[in-house]
Amino acid sequence: MKPNLVIGNWKMNGSQQTNEVLLRAVLAGQKNDAHLEVVICPPFPYLASVAAHLQHSNVVLGAQNVSATTHGAFTGEVSASMLRDIGCRYVLVGHSERRALFGETDEAVAQKFVAAIDHGLIPVLCVGETLDERRAGITNGVVTTQITAVIKHAGIEKLTRGVIAYEPVWAIGTGETASPEQAQAVHRHIRGKIGVYDEQAAINLQILYGGSVKADNAQAIFSQPDIDGGLIGGASLDAASFTSICDAARANPGGTA
Ligand code: PGA
C-alpha cells in the first residue's frame with residue numbers, strides 16, 4: 001500500500017523563535033506510522049535549522065521552490081542540488097501563488113520539475129483551476145494542460161516519480177474548500193489521464209488535495225478513494241490543527257499500490 005502524504009507549506013511565515021515552538025509541538029504529535037509521510041516546507045532561510053530539528057524524527061524536509069538551472073550567475077535562485085545538500089527530500093513546483101504572482105509558466109514549471117527529479121528530489125507538481133475556469137466548466141481541461149506540459153518536457157516516467165497536488169486556486173487560503181466529491185472527481189480525472197500512459201504508475205501515484213484543508217474537513221476529504229493526502233497551508237502553522245490533519249490521513253490509508 002502506498003503511504004499517504006501530508007505536506008505543511010509554511011509559505012512566507014515564521015521566525016527562528018516561532019519555528020522552534022511550532023516544530024516542537026508538531027513533532028510531539030507525530031506517531032510512528034509507515035502509512036503516512038509528513039513533510040514540512042519552511043522558507044529557504046530556515047531549511048538548515050528545521051533540518052537539524054527533524055533529524056531523528058520521521059518528519060522530512062521539503063522546499064517551496066527550486067531553480068530550473070543547476071548553478072552559476074542566477075542571483076537569488078536556489079538549485080535542486082543545494083536543496084538536496086541541505087537535506088530536502090521534496091520540493092513544491094508550480095504552486096498557484098508562484099504561477100499567479102511570479103509569472104511561472106507551464107514550461108518553467110516543467111523545467112523545475114525535471115531539475116528536481118534529476119537531482120534526487122521528489123517534486124510536488126501543483127495544479128488547479130481558478131474560479132472563473134471552474135464556472136466555465138473547464139476544470140479538467142485546465143488541470144490536464146498543466147500536467148501535459150510536464151509530461152511533454154519530462155516524459156511520463158519522470159512525471160510519475162513525483163507527486164501531484166490538486167489545489168483549486170479559489171480554495172487556497174480562502175476558507176472555502178472543494179467538497180470531497182468535487183475534489184475526488186478531479187483526482188479521478190488526473191489518475192485516469194496518467195493511466196492512459198501507464199496504468200500501474202497511475203495507481204501508484206500520490207495525488208494530494210490542497211486548499212483550505214482544516215482539522216474539521218480533513219477526514220471527509222482524505223476518505224475519498226483517489227485522495228492520498230494533503231498540501232496544507234494555513235493550518236500547518238498551528239500544531240494542533242496540523243496534528244489533527246495528520247491523524248485524519250493516518251485514519252484513511254491510501255489506495256492499493
Ligand atoms: P491553504 O493553502 O491550506 O492555506 O488553503 C494551501 C496551499 O497553498 O498549498
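We did not get these values from a lab; they are worked out from the coordinates using the rules stated. None of these values were measured; they are calculated from a predicted model. We place every Cβ from the backbone using ideal geometry, glycine too, and count neighbours over all the protein chains shown.
Across region 123-133, what is the total count of residues that are more than 16 Å from the ligand (Cβ to nearest atom) and β-branched (Val, Ile, Thr)?
Of region 123-133, the ones more than 16 Å from the ligand (Cβ to nearest atom) are 132-133.
Subsequent filtering for residues that are β-branched (Val, Ile, Thr) retains none.
Result for region 123-133: 0.
Look through region 204-237, keep the residues that are touching a residue at least 40 places away in the same chain (Cβ under 8 Å) and among the charged types (D, E, K, R), and return whichever of them is surrounded by the fewest Cβ atoms within 10 Å (Cβ to Cβ).
226
Can you go through 110, 80, 68 and tell me which one is surrounded by 14 or more Cβ atoms within 10 Å (Cβ to Cβ), farther than 21 Å from residue 39 by Cβ and touching a His at 6+ places or on another chain (Cβ under 7 Å)?
Numbers: 80 fails: farther than 21 Å from residue 39 by Cβ; 68 fails: touching a His at 6+ places or on another chain (Cβ under 7 Å).
None of the others qualify; the one that does is 110.
Restricting region 155-193 to residues that are free of Cβ contacts under 8 Å to residues at least 60 places away in the same chain and acidic (Asp, Glu), which is nearest to residue 120 (Cα to Cα)?
This residue is 157.
Looking only at region 22-44, count every residue that is hydrophobic (A, V, I, L, M, F, W, C) and in a strand (DSSP E or B) and tell me the total.
Here is the first cut: in region 22-44, the ones hydrophobic (A, V, I, L, M, F, W, C) are 22-23, 25-28, 34, 36, 38-41, 44.
Now drop any that are not in a strand (DSSP E or B), which leaves 36, 38-41.
The total comes to 5.
Scan region 45-61 for residues that are surrounded by 22 or more Cβ atoms within 10 Å (Cβ to Cβ) and either without any contact (Cβ under 8 Å) to a residue 12 or more places away in the chain or part of a strand (DSSP E or B) (or both) and report the count. Walk me through it before giving the result.
First pass over region 45-61, keeping only residues surrounded by 22 or more Cβ atoms within 10 Å (Cβ to Cβ): 47, 50, 61.
Now narrow it down to the ones that are either without any contact (Cβ under 8 Å) to a residue 12 or more places away in the chain or part of a strand (DSSP E or B) (or both): 61.
Here the count works out to 1.
Could you go through region 97-105 and let me know if any residue there is free of Cβ contacts under 8 Å to residues at least 60 places away in the same chain, under 27 Å from residue 37 (Cα atoms), outside any loop (DSSP other than H, G, I, E, B) and aromatic (Phe, Trp, Tyr). Full working, then the answer.
Quick first cut of region 97-105, residues free of Cβ contacts under 8 Å to residues at least 60 places away in the same chain only: 98-99, 101-105.
Filter again for under 27 Å from residue 37 (Cα atoms), leaving 98-99.
So of that shortlist, the ones also outside any loop (DSSP other than H, G, I, E, B) come out as 98-99.
Applying the additional criterion that residues be aromatic (Phe, Trp, Tyr) yields none.
For region 97-105, residues free of Cβ contacts under 8 Å to residues at least 60 places away in the same chain, under 27 Å from residue 37 (Cα atoms), outside any loop (DSSP other than H, G, I, E, B) and aromatic (Phe, Trp, Tyr): absent.
Within 16 Å of the ligand (Cβ to nearest atom) and either assigned to a helix (DSSP H, G or I) or in contact (Cβ under 8 Å) with a residue 24 or more places away in the chain (or both), is that true of residue 196? Give the steps one after another, and end with the answer.
On the way: within 16 Å of the ligand (Cβ to nearest atom): no; either assigned to a helix (DSSP H, G or I) or in contact (Cβ under 8 Å) with a residue 24 or more places away in the chain (or both): yes.
Taking the combined requirement at face value, the residue does not satisfy it.
I'd like to know if region 159-167 contains one or more residues that are closer than 24 Å to residue 226 by Cα, more than 16 Å from the ligand (Cβ to nearest atom) and part of a strand (DSSP E or B).
No, region 159-167 contains no residue that is closer than 24 Å to residue 226 by Cα, more than 16 Å from the ligand (Cβ to nearest atom) and part of a strand (DSSP E or B).
Does region 61-80 contain at least one residue that is touching a Phe, Trp or Tyr at 6+ places or on another chain (Cβ under 7 Å) and within 21 Å of residue 201 (Cβ to Cβ)?
no
Going by what's in this entry, would residue 142 be described as without any contact (Cβ under 8 Å) to a residue 40 or more places away in the chain and assigned to a helix (DSSP H, G or I)? Spell out the reasoning first.
Values: without any contact (Cβ under 8 Å) to a residue 40 or more places away in the chain: yes; assigned to a helix (DSSP H, G or I): yes.
The answer is yes for residue 142.
Just the residues that are small (Gly, Ala, Ser) and within 16 Å of the ligand (Cβ to nearest atom), please, taken from region 173-193. Outline the logic, then answer.
At the first step, the residues of region 173-193 found to be small (Gly, Ala, Ser) are 173, 175, 178-179, 183, 185, 192.
Those that are small (Gly, Ala, Ser) and within 16 Å of the ligand (Cβ to nearest atom): 173, 175, 178, 179, 183.
Among the residues of region 212-257 satisfying the criterion of being under 22 Å from residue 64 (Cα atoms) and among the hydroxyl-bearing types (Ser, Thr, Tyr), which is nearest to the ligand (Cβ to nearest atom)?
Among residues in region 212-257 that are under 22 Å from residue 64 (Cα atoms) and among the hydroxyl-bearing types (Ser, Thr, Tyr), the one nearest to the ligand (Cβ to nearest atom) is 212.
Anything in region 79-119 that is touching a Lys or Arg at 6+ places or on another chain (Cβ under 6 Å) and within 16 Å of the ligand (Cβ to nearest atom)? List them, or say none. Can you show your working first?
Kept after step one, since they are touching a Lys or Arg at 6+ places or on another chain (Cβ under 6 Å), are these residues of region 79-119: 93, 104, 117, 119.
93, 104, listed by residue number.
Condition test on residue 85, is it surrounded by fewer than 17 Cβ atoms within 10 Å (Cβ to Cβ) and in contact with a helix residue (DSSP H, G or I) (Cβ under 8 Å, 6 or more places away or on another chain)? Give the derivation first.
Values: surrounded by fewer than 17 Cβ atoms within 10 Å (Cβ to Cβ): yes; in contact with a helix residue (DSSP H, G or I) (Cβ under 8 Å, 6 or more places away or on another chain): no.
Taking the combined requirement at face value, the residue does not satisfy it.
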